[in-house]
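The values are calculated or read from the model by the stated rules, or taken from the named source; none is laboratory data. Computed from a predicted model, the values in this text were never measured in an experiment. For neighbour counting, all protein chains shown are included, and Cβ atoms are generated from backbone atoms with ideal geometry for every residue, glycine included.
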């Protein structure tokens, strides 16, 4: 899914929510975490190192200028990747202290990154959403390749 498609989906969703609110006086509320969790429920779990590599692959493809600053800066584009790493690792079931140990950050920093990610997703922050969806696409492709490779080994 490319950036334009993600933007169109976000616009359509916002238009739908506004339509329901204006015409039926219902302020729809849904838990985005439940929707996002489905992205990971049936996926093969990757190690934190593999997830880190997925983040780097995504940054190489979409934001090569942030590569040297990943996990070591306060600049928003790089922070988005760092927050996504913590958020996705949490969704994959890693403990916050494990994520912190891997990244060299205190677990409270990881909790903050996860909470900020949830806020960005719920508010449909366009910059964060594009980064997050790009990482998910890379993740899905990577996990799909692993599954295909395992299936090929079984068939031979």
Quiz item: Is it the case that some residue within segment 74-89 is under 17 Å from residue 53 (Cβ atoms) and in contact (Cβ under 8 Å) with a residue 60 or more places away in the chain?
Solution: no
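To keep it simple, each residue is scored yes or no on (1) out of contact with any strand residue (DSSP E or B) (no Cβ under 6 Å at 6 or more places or on another chain); (2) assigned by TED's automatic domain parsing to the domain that holds residue 113; (3) at pLDDT 70 or above.
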position	(1), (2), (3)
24	yes, no, yes
36	yes, yes, no
54	yes, yes, yes
60	yes, yes, yes
67	yes, yes, yes
71	yes, yes, no
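Does segment 91-110 include one or more residues that are modelled with pLDDT of 90 or more and within 28 Å of residue 28 (Cα to Cα)?
Checked segment 91-110: no residue is modelled with pLDDT of 90 or more and within 28 Å of residue 28 (Cα to Cα).
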